[in-house]
Structure formats: structure tokens, C-alpha cells
Amino acid sequence: MSDSDDGEKRDGPAGGDAAAGSADDPAADRVPVRVRHGDGEVTLRVRRGTVLRDALLAADRSTEPVPDLSPYASATERLNCGGRGLCATCGVRVIEGPAATHWHDRLAERFGHPRLSCQVTVDGPMTVALVTDKRVWGGRADP
């Protein structure tokens, strides 16, 4: 499904391969996840219990036309910990959603840093914003 107000909105197959409403995956098991990116917004239908990082990557690899929804920068797309919460490269800003439960996310939230998408489980509707100033940890800003 597609709308266009200030960006794209899409109901898509994030968090699994089965289409919403199938016998294996009833629509009731999917919840809306609004993803803000740049000047636009996409709404994904994500299966409850899916890790946010996995849902973003599944939508990013989807055959449907969507913007870049990867939580990673170009260098960290391949150089990351695979969702173990160790490298801190998959940060997103959780606008509306579950409270932080992972120790790293609680500290990040306290000091205004992004939360790790690999440590956020989609259990209900939520809104997240992709981090626009993605950098590799330890990297230096240009002088």
C-alpha cells in the first residue's frame, strides 16, 4: 500500500517472508512500525517479536521500491557484529515504542544517544527515526 504526503508509506513484508493475512501469519500478528528517514516516512507491518534491526534489513532487501532503511552506514553494512549488541553501529532513535531494557540502550537513552536496533524487539506499534549522521565508532570527523 502506498501513500504520498511528504514521503513514502508502505505496508510490506518486514520481519518474515509470509504475506500479511496468510494462514501462517495472520494480520493480527503484525504491528505498524513507522520509520522516519530523511524527509520521508515508511510504515512497515512487522511480525510481533521481530528484532527491529532484522525488520529494517528485511525491508531494505525487499523487492518493493523502498528507501534505504538499513540502520547501518555504508562501511558498517558488512563490518558489524551481526546483531549481538557489541559494535554499536545499528543505532536508531526510538520516538514511540518500548522502554529501553538493554543496559547499553538505557545508558544511550540517558545521554541522548541512539538505541541499538539489534536490542529492540517489536512487540507493538512504534515509531523510529534512522540516524542520519551514521559514523563508525572511533572515526574522526573531517577538520
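Points worth noting:
- Restricting the stretch 90-136 to residues that are among the polar types (S, T, N, Q) and under 19 Å from LEU69 (Cα atoms), the residue that is surrounded by the most Cβ atoms within 10 Å (Cβ to Cβ): SER117
- Restricting the stretch 74-91 to residues that are part of a helix (DSSP H, G or I) and either within 22 Å of GLY40 (Cα to Cα) or among the hydroxyl-bearing types (Ser, Thr, Tyr) (or both), the residue that is modelled with the highest pLDDT: THR76
- Residues that are more than 16 Å from THR89 (Cα to Cα) and surrounded by fewer than 20 Cβ atoms within 10 Å (Cβ to Cβ) within the stretch 48-62 comprise ARG48, GLY49, ASP60, ARG61, SER62, listed in sequence order.
- Of all residues in the stretch 120-139, those satisfying the criterion of being at pLDDT 85 or above and either assigned to a loop (DSSP other than H, G, I, E, B) or out of contact with any strand residue (DSSP E or B) (no Cβ under 8 Å at 6 or more places or on another chain) (or both) are VAL120, ASP123, GLY124, PRO125, VAL131.
- Some residue of the stretch 54-69 being modelled with pLDDT of 85 or more and of a type outside the set (A, V, I, L, M): yes
- Restricting the stretch 92-116 to residues that are assigned to a helix (DSSP H, G or I) and of a type in the set (D, E, K, R) leaves a set whose member that is nearest to LEU52 (Cα to Cα) is ASP105.
The values are calculated or read from the model by the stated rules, or taken from the named source; none is laboratory data. Bear in mind that the values here come from a model prediction, so they are computed numbers and not experimental data. We place every Cβ from the backbone using ideal geometry, glycine too, and count neighbours over all the protein chains shown.
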